[in-house]
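All remarks here apply to the structure that follows.
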Amino acid sequence: MRVVSEARASARARSTGRALPNGRASDTFCSRSIKTILLLLICLALCIHPVALLAQTSATVTVNFTPGHPENRFIPSRALGAGADGHAQGETDRQLSPANIKAMLSAGLKPLTYRLRTELAGEAWHWNPNGRWSDPAHAQGYWTSSSKPGRPIHVSYGYRLPRRGNTIDQANADGYSRIDDGDPRTFWKSNPYLDEHFTGEQNSASPQWVMIDLGAEKQIDAIRILWAAPFASNYTVEFGEFVGEEDLSQRLPTEWHSFPHGDIAKGNGGNALIKLADAPIPVKYVRIRLNESSGTGPKSKDIRDRLGYAIREIYLGTLDGRGRLNDVIDHGIGRHEQTDIYVSSTDPWHRAIDRDADTEQPGFDFIFKSGLTNGLPLLLPVPVLFDTPDSRNGRRTRWAVREP
């Protein structure tokens, strides 16, 4: 049986000067191709997860197929596509030059998706450079990109969040948490849009949290939390453990338990030193579950400043005989200078000076004008984690207006 993929057929058509027929065998993979793909996938799995596979009980995998009778079919020109991504400043013009675009289109990939690097970086996205700040006098606050049609958007940028809580991100990994940066003037703040004021659901029903990964088991019997505002008026300090069969792919604890004295029903903020247990407990993961907010904050007309939770610094360890805390958390500025911390959300508040030149996104107008969409709908992203609802809705409105 002759099996011809679209790529090979395209190459043959170019060499002979004949057009590639549509809807023929050149657009369909049959049984031999499916067999090859299955074998490649199995080999790839063995290469990527050899340790996990060896750690598990051996098993036999049987693949049944009948030559000449494919189990399924797909059309590569519809099922396979390309993606546009964010890069460092200036890379958009270098990568998407007219010559490069011509070469990209010659590959025959039809659908196009737009990958949003700002979400991976934990940054706010100004998808339209034109917009407004909630505090325009200081060029800071909550940003809303303009939905009004205007000049074509060539490039857009991500903006670092000065109230960041995560140590690690999935983009350049060059940011850091403000919870253990060693600077009590900075602070992490949760996303105010997840407060009951906006959700209509009690905060305790979907609590925010901070998780500390100590890297290895450490003796813990006390914690000191330097609160900002708003602070948690009700919170629980917990430790995690793995329960059940060991799974190398499971990185987070499967169960959480409150420290013996970890339930704080009436928190008052400030510099809170808490004796968590009468004797030290060996733990690797510690979590602070934030159940209720004080609803306090700086003097501001913006209610978002008073919603959620804010922490300046966390110290964790054991108390000595004189009541001094022996801190086991590394505090510093930079990914490798601090203990890894993860948070449930981050306040998208930022400033004009926070623009990240290494998170440049190609503008929507630029992408459409380039022809890379091949006249097909573009799969657009929605910035969910680090943006404001108004800015997301504005993007949808703008393109509803601009589309014919």
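The values are calculated or read from the model by the stated rules, or taken from the named source; none is laboratory data. The structure displayed is predicted, hence computed values, not measured ones. Ideal geometry is used to build each Cβ from the backbone, glycine not excepted, and the neighbour counts take in all protein chains shown.
Of Tyr176, Tyr193, all but one fail to be touching a residue at least 40 places away in the same chain (Cβ under 8 Å) and not in a loop (DSSP other than H, G, I, E, B); the exception is Tyr193.
Within the stretch 365-383, residues that are in contact (Cβ under 8 Å) with a residue 60 or more places away in the chain reach partners that are in a loop (DSSP other than H, G, I, E, B) and loosely packed, with under 14 Cβ neighbours inside 10 Å with beta carbons closer than 6 Å, at six or more positions or on different chains, in the pairs Asp365/Pro152. Note on the stretch 84-122: among residues that are in contact with a strand residue (DSSP E or B) (Cβ under 6 Å, 6 or more places away or on another chain) and among the aliphatic types (A, V, I, L, M), the one that is modelled with the lowest pLDDT is Leu109.
Please pick out the residue among Asp183, Asp135 that is surrounded by fewer than 21 Cβ atoms within 10 Å (Cβ to Cβ), within 22 Å of Lys299 (Cα to Cα), of a type in the set (Asp, Glu) and modelled with pLDDT of 95 or more.
On the way: Asp183 fails: within 22 Å of Lys299 (Cα to Cα).
Within the list Asp183, Asp135, the selection yields Asp135.
In the stretch 145-180, the residue that is surrounded by the most Cβ atoms within 10 Å (Cβ to Cβ) out of those that are among the hydrophobic types (A, V, I, L, M, F, W, C), under 19 Å from Arg335 (Cβ atoms) and in contact with a Gly (Cβ under 9 Å, 6 or more places away or on another chain) is Ile179. If I filter the stretch 82-97 for residues that are among the polar types (S, T, N, Q), surrounded by 15 or more Cβ atoms within 10 Å (Cβ to Cβ), closer than 28 Å to Gly363 by Cβ and outside the structural domain of Leu380 (by TED's automatic domain parsing), do I get at least one hit? Yes, some residue in the stretch 82-97 is among the polar types (S, T, N, Q), surrounded by 15 or more Cβ atoms within 10 Å (Cβ to Cβ), closer than 28 Å to Gly363 by Cβ and outside the structural domain of Leu380 (by TED's automatic domain parsing).
Identify the residue in the stretch 331-358 that is assigned to a loop (DSSP other than H, G, I, E, B) and among the charged types (D, E, K, R) and, among all such residues, is modelled with the lowest pLDDT. It would help to see each step written out before you state the result.
Applying the first criterion (assigned to a loop (DSSP other than H, G, I, E, B)) to the stretch 331-358 yields 331-339, 344-349.
Next cut, among the charged types (D, E, K, R) only: 335, 337, 347.
Details: Arg335: 90, Glu337: 96, Asp347: 97.
Here the residue is Arg335.
Is there a residue being at pLDDT below 95, farther than 22 Å from Trp227 by Cα and not acidic (Asp, Glu) anywhere in the stretch 300-313? The answer is no, given that none of the residues of the stretch 300-313 is at pLDDT below 95, farther than 22 Å from Trp227 by Cα and not acidic (Asp, Glu). Confirm whether Asp247 is assigned by TED's automatic domain parsing to the domain that holds His331, at pLDDT below 95 and more than 20 Å from Val328 (Cβ to Cβ). Yes, satisfied.
Return the residues of the stretch 341-353 that are buried (at least 17 other Cβ atoms within 10 Å of the Cβ) and either out of contact with any strand residue (DSSP E or B) (no Cβ under 7 Å at 6 or more places or on another chain) or of a type outside the set (Phe, Trp, Tyr) (or both); say none if nothing qualifies. Talk me through it step by step, then tell me what you get.
First, the residues of the stretch 341-353 that are buried (at least 17 other Cβ atoms within 10 Å of the Cβ): 341-351.
The answer is Ile341, Val343, Ser344, Ser345, Thr346, Asp347, Pro348, His350, Arg351.
I'd like the full set of residues that are surrounded by fewer than 17 Cβ atoms within 10 Å (Cβ to Cβ) and part of a loop (DSSP other than H, G, I, E, B), limited to the stretch 359-376. Residues satisfying the conditions are Gly371, Asn374, Gly375, Leu376.
Just a yes or no: is a residue in the stretch 219-242 free of Cβ contacts under 8 Å to residues at least 40 places away in the same chain and either buried (at least 18 other Cβ atoms within 10 Å of the Cβ) or aromatic (Phe, Trp, Tyr) (or both)? Scanning the stretch 219-242, I find at least one residue that is free of Cβ contacts under 8 Å to residues at least 40 places away in the same chain and either buried (at least 18 other Cβ atoms within 10 Å of the Cβ) or aromatic (Phe, Trp, Tyr) (or both), so the answer is yes.
Of all residues in the stretch 269-296, count the ones that are assigned to a loop (DSSP other than H, G, I, E, B) and at negative phi. Walk me through it before giving the result.
Pass one, the stretch 269-296, residues assigned to a loop (DSSP other than H, G, I, E, B): 269-270, 276-280, 294-296.
Narrowing the set further to residues that are at negative phi leaves 276-280, 294, 296.
So the answer is 7.
Looking only at the stretch 282-299, decide whether some residue is among the β-branched types (Val, Ile, Thr), within 30 Å of His138 (Cβ to Cβ), buried (at least 21 other Cβ atoms within 10 Å of the Cβ) and outside the structural domain of Val384 (by TED's automatic domain parsing). No, the conditions are met nowhere in the stretch 282-299.
Here Thr113 does not qualify as of a type in the set (Val, Ile, Thr), within 27 Å of the chain's Cα centre (by Cα) and more than 25 Å from Gly371 (Cα to Cα).
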